[in-house]
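So the structure is just underneath, and the comments pick up after that.
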Amino acid sequence: MRATLLAPGSRGDVQPYVALGQALAALGHTCTIVTTLDHEQLVQSHGLDVVSLPVNVAAELAKVETNRAVEGGGVIASFRAFADIARRASRALATQGLEACRDADVVVTGFSAAVLGEAIAHKLGRPLVQAYNVPVTATSSMPGALFPALDLGPLSRRLGHALTRAALWQTSRSSAAEAAREVLGAPSIPWLPTSSVGLVPGPLVYGLGEAFLPRPRDWADDVEVTGFWLVAEAASYTPPPELSRFLDEGPAPVCVGFGSMSTEAPAAMSELVVRAAAASRTRLVLLSGWAGLEAERLSPDVLTLREAPHAWLYPRCRAVVHHGGAGTTAAAVCAGVPAVVVPFHGDQPFWASRVHALGLGPAPVPRRRLTAERLAAAITEACEDPLMRERCEAVGRASRAERGAERAAAWIVEQARRRSPDR
């Protein structure tokens, strides 16, 4: 079977689909991932075919106006910034995605490509499977991913899901409607999602760990929950010598990194983190990521790296500090270590609240309220609470045992065969 996965976006948006691609390949299937130029090497490094769109998401997110929208924490402002980036990529996704799907037996789409994915699958007569790692299916058992504060009862939770679906749909619709119509010949795109399950019609599989976020009882049978989708990279990773030496020379450090979240003032953010680590008496691994974090003052207790595989590094740390992206949250949960979540925008407050509610980390410290003192207090709590570590280890073991990517790949194959026009 040949599968094409449509997965544009930040690294956190793309990496779960690399895990799905690995799992599909392990089952003997051919997989191509359509993503943006800055993730071409990531996909190829895991032995998968890639079609690269001529858009660099990292460079776009580093722009001053985008930084301000993201760091402000507002859903509308941040999604407007992302929609502007997506709009410039949509025509390329429609054109190149169509070609990449011509020989596919199934089209798999993330929510950022849902509108165009449905149009491509319809034009080619291929089955479509939605594959998301953020919940969009309405339920009364948990709040909507973009509106976690609407958690006052069943009705408010369902309202939060309706608003979440509308926000995601409008972001995708506003960027993709023109390309869907002009390149793919799709009819006018409705103002609201037409499916009650996902964003578009078709079966939906979630890369969510049930030990972390149990499947709601009111979800339909065409919604599958498999466990987190994590890239298999830890076993083959060789750390740089400076990282090995740092880990060998002292107590386990705290790892701080904000992934694809950029910032207007990376030097000030770096200084804040270093002061927080010093105040909490912890050694520090600082992952610079897209924020460009880097310690300016040399210290034997601080090591700065551009990046390192979370699956390898996190289990070697006392605690981790991250932005609360879905993929990074999954990596920290599976590592079995406490997490201090510093949410910036979007669905990150949802994941942050879930981490805290399960006792897997202290209360979140939102980016707009972040100070060295607050971060130091949260790091101290994460490092020194033995019950928190026990809970993290238990949930981590259960999450790793779910083997989410393997189960999702098998389910995608089953859905594709069931819905194949040649069946």
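For the range 171-234, GluC sites (Glu not before Pro) meeting the loop criterion (DSSP other than H, G, I, E, B) and having at most 16 other Cβ atoms within 10 Å: E210. Please give, to one decimal in nm, the separation of the simple spin-label points placed at M1 and E373, each 7 Å out from Cα toward the Cβ. The two pseudo-label positions are separated by 5.7 nm.
Per-residue 3J(HN,Hα) values for the range 220-232, derived from phi via the Karplus relation 6.51 cos²θ - 1.76 cosθ + 1.60 with θ = phi - 60°, read 6, 5, 8, 10, 10, 10, 10, x, 5, 9, 10, 5, 7 Hz in sequence order (x marks Gly and Pro).
Over the range 85-155, what number does the Rg to Rh ratio reach, with both radii from the alpha-carbon atoms and Rh per Kirkwood?
On the way: Rg = 15.8 Å, Rh = 14.0 Å.
Across the range 85-155, the Cα-based Rg/Rh ratio is 1.12.
If you add up the charges near R102, with Lys and Arg at +1 and Asp and Glu at -1, over every other residue whose beta carbon is less than 13 angstrom from its beta carbon, what do you get? The answer is 0. Rounded to the nearest whole Hz, the Karplus-based 3J(HN,Hα) values (6.51 cos²θ - 1.76 cosθ + 1.60, θ = phi - 60°) of the range 27-41 follow the sequence 8, x, 9, 9, 10, 10, 10, 9, 8, 8, 4, 6, 10, 4, 5, with x at glycine and proline. The mean sequence separation of alpha-carbon pairs under 8 Å and at least six residues apart, normalised by the residue count of the chain, gives a relative contact order of 17 percent.
Take each peptide in 378-391, 309-322, count the other Cβ atoms within 10 Å of every residue, and average; sorted highest first, the result is 309-322, 378-391. For the chain, a crude dipole built from +1 on the beta carbon of Lys and Arg and -1 on the beta carbon of Asp and Glu, taken about the Cα centre, is about 680 debye to the nearest 20. Between the listed residues G250, V337, V285, the Cα displaced farthest toward the positive end of the dipole of the range 241-401, a dipole computed from Cβ unit charges relative to the Cα centre, is found at V337.
For the peptides 199-207, 410-418, residues were scored by their other Cβ atoms within 10 Å and the scores averaged per peptide; the highest-first order is 199-207, 410-418. When DSSP beta bridges are limited to those with both residues in the range 241-401, what percentage is antiparallel, rounded to the nearest 5? Close to 0 percent. Taking Cα centre as origin and charging only the Cβ of basic (Lys, Arg, +1) and acidic (Asp, Glu, -1) residues, the dipole magnitude of the range 241-401 rounds to 300 debye. Mean separation of Cα pairs under 8 Å and 6 or more residues apart, divided by the residue count, gives the range 280-416 a relative contact order of 20 percent.
According to the Kirkwood relation over distinct C-alpha pairs, the hydrodynamic radius of the range 310-374 is 11.6 Å. Here the Gaussian network model covers the chain, with springs between Cα atoms less than 10 Å apart; of P148, P16, P190, P190 fluctuates the most.
Helix by helix, which DSSP H runs in the chain go 24 Å or more along their axis at the Cα atoms and have an average Kyte-Doolittle hydropathy of -0.5 or more? Helix filter hits for the chain: 75-101. Every helix of 4 or more DSSP H residues in the chain counts as -39500 (n - 2.57), and over all residues that averages to -14500 deg cm²/dmol at 222 nm.
When its C-alpha radius of gyration is set against 2.2 N^0.38 Å (N residues), the chain gives a value of 0.94. Averaging the Cα positions of each part gives two centres, and for the range 385-411 and the range 312-374 these lie 16 Å apart.
Report note on the peptides 336-345, 161-170: ranked by the mean count of other C-beta atoms within 10 Å, highest first, their order is 336-345, 161-170. Shown for the range 241-401 is the translational diffusion coefficient from the Stokes-Einstein equation, using the Kirkwood radius over Cα pairs, a temperature of 10 °C and a viscosity of 1.306 mPa s: 104 µm²/s.
For the range 88-128, which semi-axes, largest first and in whole Å, follow from the square roots of 5 times the eigenvalues of its Cα gyration tensor?
Equivalent ellipsoid of the range 88-128: 15, 11, 8 Å, largest first.
Since every read-out is calculated from the coordinates, none of them should be taken as a lab result. Keep in mind the model is a prediction, meaning the values are calculated, not measured. Glycine gets a Cβ as well: all are built from the backbone with ideal geometry, and neighbour counts include every protein chain shown.
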